[in-house]
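Q: One structure follows; several queries about it will come next.
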């Protein structure tokens, strides 16, 4: 049950953004830039980072929604996301992505947990400074998103099928374009 009077027809962060439309655009634009805009990390890899951090934060809505989008981008049925959440070290992802996911997990604990050796490992595995930067920012942003959704008790569907249609839309057109547009005000 939500803690405030948010739209009950929309799940998770979507209901919160509908409640405060003035924050919807900047939050959606941040998600678009971090997860969907052109980047040397694929959208699937970036969504995977978000889904992983959301799992670490025990945010069911963000984990399930971003796991669904990651799976759309990665072209699988969710096995890669599940493998990463279960054990990053044995997951079927590149060594570079494993190093970046390790950095993301440290950021989830607190930014000061990241040390030079973690950055050096990512660089040894081929990560660029931009990829390291974006990984840290994705992890930090998802900590905020997760706390926003769970801190206000937003409705969270538990059936994975509830996330598939939206995941397809986001994977195809991104976050900003898939946000409901506010109705024009009558003057």
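The values are calculated or read from the model by the stated rules, or taken from the named source; none is laboratory data. Quick caveat, the model's predicted, so the values are computed rather than measured. Heads up, the Cβs are rebuilt from the backbone with ideal geometry, glycines too, and the neighbour counts pull from every protein chain shown.
Q: Are there any pairs, at least 6 apart or on different chains, whose C-beta atoms fall under 7 Å, with the first in segment 147-161 and on the phi < 0 side of the Ramachandran plot and the second surrounded by fewer than 17 Cβ atoms within 10 Å (Cβ to Cβ), and if so, which?
A: Correct list of pairs: 152/2; 152/3; 152/4; 154/2; 155/2; 155/8.
Q: Do any residues in segment 35-51 that are loosely packed, with under 15 Cβ neighbours inside 10 Å have Cβ atoms under 7 Å from those of residues that are assigned to a helix (DSSP H, G or I), where the two are at least six apart or on different chains, and which pairs are they?
A: Listed by first residue and then by second, the contacts come to 40/130; 40/131; 42/73.
Q: Further question on the same structure: Output the number of residues of segment 125-136 satisfying the condition of being in contact (Cβ under 8 Å) with a residue 40 or more places away in the chain and either over 20 Å from residue 31 (Cα atoms) or surrounded by fewer than 16 Cβ atoms within 10 Å (Cβ to Cβ) (or both).
A: Of the residues in segment 125-136, 2 are in contact (Cβ under 8 Å) with a residue 40 or more places away in the chain and either over 20 Å from residue 31 (Cα atoms) or surrounded by fewer than 16 Cβ atoms within 10 Å (Cβ to Cβ) (or both).
Q: Sticking with this structure for a sec: Being at pLDDT 95 or above and either out of contact with any helix residue (DSSP H, G or I) (no Cβ under 6 Å at 6 or more places or on another chain) or closer than 15 Å to residue 108 by Cβ (or both): is that true of residue 37 here?
A: Considered against the rule, which asks whether it is at pLDDT 95 or above and either out of contact with any helix residue (DSSP H, G or I) (no Cβ under 6 Å at 6 or more places or on another chain) or closer than 15 Å to residue 108 by Cβ (or both), residue 37 comes out as no.
Q: Next up: Kindly indicate whether any position in segment 52-60 is more than 29 Å from residue 120 (Cα to Cα), in a loop (DSSP other than H, G, I, E, B) and touching a helix residue (DSSP H, G or I) at 6+ places or on another chain (Cβ under 7 Å).
A: Yes, there is a match, as at least one residue in segment 52-60 is more than 29 Å from residue 120 (Cα to Cα), in a loop (DSSP other than H, G, I, E, B) and touching a helix residue (DSSP H, G or I) at 6+ places or on another chain (Cβ under 7 Å).
Q: Restricting to segment 84-122, what's the tally of residues that are exposed (fewer than 15 other Cβ atoms within 10 Å of the Cβ) and in a helix (DSSP H, G or I)?
A: Within segment 84-122, residues that are exposed (fewer than 15 other Cβ atoms within 10 Å of the Cβ) and in a helix (DSSP H, G or I) number 11.
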